[in-house]
Amino acid sequence: GTEITGLTNEDGRYQIERADGKRLEADIVVMAVPADAAAKILKNLAGDAAELIDGIPYVPVNVIVSGYEKTGFGHDLDGFGFLAPKREKRGILGNLWNSSIFEGQAPDGQVALRTMVGGAINPDTTALSDKETLDLVQKELYEILGVSSDPTFTRVIRHKRAIPQYVIGHEERMKKISGIIDNYPGLILTGNAFK
């Protein structure tokens, strides 16, 4: 629950700098954070790697959490959800059926869904207002799942840097980063940006 602002190495031990001014000492550091956070933390330890890491592009995704009465569905929701193929030219990326996947996600007689919009396919949809976003999701869920009722609950969560992009040159970037980080035994970078 504490922000990490930097990382240095003194006498073979990592010094983890916290936002509250305190330091932690470690022999091994595993960084499982988004690329921009990793770059900020590594800036003083491995500036060349930090610069390469900070250049990993991301796309935005909005996640819309919604609850519905179960009786308002034309589909049984017996499954995980769906991804919308690009060729279908949908306004949403996909939909997860949280209450089918995990227990306790919705009260009895209701369902909880999680819909994603944006990404590399349609990043402009993340700029829609909350109302426009909810209208888009409702329209898509009506067409795909036969949802005939309005949601009983909604929340729009906006992630400006949601999904790292493996653009041309990403593999070479990863090799350069690894070459630098290999000079720091016990420092491990992991997460979806570092594939």
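The values are calculated or read from the model by the stated rules, or taken from the named source; none is laboratory data. Owing to the predicted nature of the structure, the values given are computational and were not obtained by experimental measurement. Quick reminder, even Gly has a Cβ in these numbers, built from the backbone with ideal geometry, and neighbours come from all protein chains shown. Note: areas computed on protein heavy atoms with side chains; ligands, DNA, RNA excluded. Shrake-Rupley method; radii C 1.70, N 1.55, O 1.52, S 1.80 Å.
In table form, for the structure just shown:
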quantity	calculated
Single residue of segment 106-118 satisfying the filter (farther than 19 Å from Asp135 by Cβ and open to solvent by less than 80 Å² (accessible area, probe 1.4 Å)) that is farthest from the chain's Cα centre (by Cα)	Gly109
Flag if Thr125 is of a type outside the set (Asp, Glu) and either in a helix (DSSP H, G or I) or free of Cβ contacts under 8 Å to residues at least 24 places away in the same chain (or both)	yes
Segment 151-182: number of residues that are outside any strand (DSSP E or B) and touching a residue at least 24 places away in the same chain (Cβ under 8 Å)	11
Total residues in segment 14-39, condition surrounded by 18 or more Cβ atoms within 10 Å (Cβ to Cβ), in contact with an Asp or Glu (Cβ under 8 Å, 6 or more places away or on another chain) and outside any strand (DSSP E or B)	2
Residue that is closer than 24 Å to Asn122 by Cα and either surrounded by fewer than 17 Cβ atoms within 10 Å (Cβ to Cβ) or acidic (Asp, Glu) (or both), where the choices are Gly55, Gly74, Gly6	Gly55
Looking only at segment 136-195, and only at residues there that are in contact with a Gly (Cβ under 6 Å, 6 or more places away or on another chain) and either among the acidic types (Asp, Glu) or at positive phi (or both), the one that is surrounded by the most Cβ atoms within 10 Å (Cβ to Cβ)	Glu140
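Condition check ((1) out of contact with any strand residue (DSSP E or B) (no Cβ under 6 Å at 6 or more places or on another chain); (2) hydrophobic (A, V, I, L, M, F, W, C); (3) under 23 Å from Pro164 (Cα atoms)) across all residues:
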position	(1), (2), (3)
Ala84	no, yes, yes
Arg87	yes, no, yes
Leu113	no, yes, no
Pro123	no, no, yes
Gly146	yes, no, no
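Residue-by-condition table, conditions (1) at pLDDT below 95; (2) in contact with a strand residue (DSSP E or B) (Cβ under 9 Å, 6 or more places away or on another chain):
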site: Thr5; (1), (2): no, yes
site: Gly12; (1), (2): yes, no
site: Arg18; (1), (2): no, yes
site: Ile28; (1), (2): no, yes
site: Leu42; (1), (2): no, yes
site: Leu45; (1), (2): no, yes
site: Leu52; (1), (2): no, no
